[in-house]
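Visitor: Sharing a structure here in C-alpha cells format.
The values are calculated or read from the model by the stated rules, or taken from the named source; none is laboratory data. Here the structure is a predicted model, which is why all the values come from computation and not from measurement. Neighbour counts are summed over all protein chains in view; Cβ atoms, including those assigned to glycine, are modelled from backbone coordinates with ideal geometry. Just so you know, the surface numbers come from the protein's heavy atoms only, side chains and all, with ligands and any DNA or RNA stripped out. Shrake-Rupley method; radii C 1.70, N 1.55, O 1.52, S 1.80 Å.
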Amino acid sequence: MSVMKLLDSILGNATGIFTVVIVLIAVLFNYFDDPDPVKYNSMAEDTKTLEENFRQQNKSCFILGASGETGRMLLQDLLGRNIFSKITLIGRRTLTFEDKAIENLVQEVVDFEKLEDYAASFQGHDVGYCCLGTTKAKAGTEGFIRVDHDYVLKSAELAKAGGCAEFHLESSRGADKNSNFLYLKVKGQVEAEIEALGFDRFSIYRPGVLLVDRQESRPAEWLARKFFGAVSAVCSTAMSIPIQAVAKAMASNTLLQPEQKTEILENKDIASLGKGAGQ
C-alpha cells in the first residue's frame, strides 16, 4: 500500500470515529437537554404585530456591554426592529460604526469604578439590557467578580432608582449562588441580588457555550466552540447556542408579557425564541 493510500485510510477511519463519537455525545446531551419550551413556539407568526404594538408605546432602553459579542448583536437586532424610540449605550468608551450616525442612538461614557457619579446616565429608561461580562482567565479572580457582580449589580441599582421598569440580564447556564464553582456562584449571586431590587420585570437568560468566533480566542475556547458546534449540527443541545440566537431571543422576549415578575430562560428557551438567528 502506498503512503498516500495509507494516509487516506487513516484519515478516513479517524473521521468515521470522530463522527460516531459526536453522534453518541449529541444523543447523551439530548437526553439531559432542557424540556421543550411551549410558550415561545408560536411567536414567529405574531412577531410583526407584537413589534408594532410595542413601538407605539414609545419606550426607550439602554444596553450595557454593547462592545461585547452579545451586546453588539443585540444592538443590531434592536436597530433592525426599530421598536424603541431611543437606545442608549452605556460603556467605557464611545463606539464607532461603519454607518453614519444612527438615528435615536445615544452613547454615555462612564467609569464603572465610579458609577455613582454617573447616575444620570441610568435615568429615564423603560428597559435595560445587561450583557456585561469577562472571565477569570482574562481579568483575574478579583477583576471577574468586579465586572460580573459589582458592575452589574450597581448598574441595576442605578437603573431601578432611575425609573427603569424591566431588566434583562445575560447570565449563564448552571448559574447558582450556592455553587462550588466561582463563575456559576457569582452569576447566581448577582441574579438573586437583582431580583431583590424589585423590578416590575426581571428576565434572566442562561445560555450554554456561546458559539462565536472571538477575535481574542484562546485555544481552549476555540476547541470548545468547535466541539459544541459539531454537536449542535447533529442535534439541538442544552450545552451550546449561536450568539446571534441569544441576542434575538433577548429582543424577542421583550415583546412578550411574562407570566411572573422574574423569569428564567434556559438554553432551550433561548434557542426557541432565537430560532433562525445564525442557526
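Visitor: Based on this model, can you work out whether LEU197 counts as surrounded by 22 or more Cβ atoms within 10 Å (Cβ to Cβ) and under 21 Å from GLN260 (Cα atoms)?
Guide: On the way: surrounded by 22 or more Cβ atoms within 10 Å (Cβ to Cβ): no; under 21 Å from GLN260 (Cα atoms): yes.
No, not satisfied.
Yes/no per residue for (1) free of Cβ contacts under 8 Å to residues at least 12 places away in the same chain; (2) in contact with a His (Cβ under 8 Å, 6 or more places away or on another chain); (3) over 18 Å from ARG72 (Cα atoms):
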{"position": "ILE243", "(1), (2), (3)": "no, no, no"}
{"position": "ALA249", "(1), (2), (3)": "no, no, no"}
{"position": "THR254", "(1), (2), (3)": "no, yes, no"}
{"position": "PRO258", "(1), (2), (3)": "no, no, yes"}
{"position": "ASP269", "(1), (2), (3)": "no, no, yes"}
{"position": "SER272", "(1), (2), (3)": "no, no, yes"}
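Visitor: (1) in a helix (DSSP H, G or I); (2) in contact with a Ser or Thr (Cβ under 6 Å, 6 or more places away or on another chain): which one isn't true of PHE202, the others all being true?
Guide: For PHE202, the exception is condition (1).
Visitor: Looking at (1) more than 19 Å from THR262 (Cα to Cα); (2) at pLDDT 95 or above; (3) open to solvent by 60 Å² or more (accessible area, probe 1.4 Å), which is the only condition LEU89 fails?
Guide: (3)
Visitor: Looking at this structure, is ARG72 closer than 21 Å to GLN257 by Cα and of a type outside the set (Val, Ile, Thr)?
Guide: In short, no.
Visitor: Of all residues in region 133-180, how many are assigned to a loop (DSSP other than H, G, I, E, B) and open to solvent by 30 Å² or more (accessible area, probe 1.4 Å)?
Guide: 10
Visitor: Residues in region 89-96: is at least one free of Cβ contacts under 8 Å to residues at least 24 places away in the same chain and hydroxyl-bearing (Ser, Thr, Tyr)?
Guide: Yes, because at least one residue in region 89-96 is free of Cβ contacts under 8 Å to residues at least 24 places away in the same chain and hydroxyl-bearing (Ser, Thr, Tyr).
Visitor: Those residues that are open to solvent by 10 Å² or more (accessible area, probe 1.4 Å) and of a type in the set (Gly, Ala, Ser), I need them from region 200-212; list them, please.
Guide: Hit for region 200-212 is GLY208, nothing else.
Visitor: Condition first: modelled with pLDDT of 90 or more and in contact with a Ser or Thr (Cβ under 7 Å, 6 or more places away or on another chain). Can you find one or more residues in region 220-233 that meet it? If you could, list the steps in order and put the result at the bottom.
Guide: Filtering region 220-233 down to residues modelled with pLDDT of 90 or more leaves none.
No: zero hits.
Visitor: Within region 121-129, can one find any residue that is free of Cβ contacts under 8 Å to residues at least 24 places away in the same chain, under 25 Å from ARG201 (Cβ atoms), open to solvent by less than 60 Å² (accessible area, probe 1.4 Å) and part of a loop (DSSP other than H, G, I, E, B)?
Guide: Checked region 121-129: no residue is free of Cβ contacts under 8 Å to residues at least 24 places away in the same chain, under 25 Å from ARG201 (Cβ atoms), open to solvent by less than 60 Å² (accessible area, probe 1.4 Å) and part of a loop (DSSP other than H, G, I, E, B).
Visitor: Something else: Look at region 187-206 and say how many of its residues are more than 17 Å from GLU266 (Cβ to Cβ) and under 16 Å from the mean Cα position of the chain (by Cα).
Guide: Selection size over region 187-206: 1.
Visitor: Take region 58-88 and flag every residue that is in a loop (DSSP other than H, G, I, E, B) and among the aliphatic types (A, V, I, L, M).
Guide: Those that are in a loop (DSSP other than H, G, I, E, B) and among the aliphatic types (A, V, I, L, M): ALA66, ILE83.
Visitor: GLN107 is checked against (1) free of Cβ contacts under 8 Å to residues at least 12 places away in the same chain; (2) open to solvent by 30 Å² or more (accessible area, probe 1.4 Å) and fails just one. What number does that condition carry?
Guide: Failing condition for GLN107: (1).
Visitor: Related question: Out of all the residues in region 50-57, is one or more of a type outside the set (Ser, Thr, Tyr) and part of a loop (DSSP other than H, G, I, E, B)?
Guide: Checking region 50-57: at least one residue is of a type outside the set (Ser, Thr, Tyr) and part of a loop (DSSP other than H, G, I, E, B).
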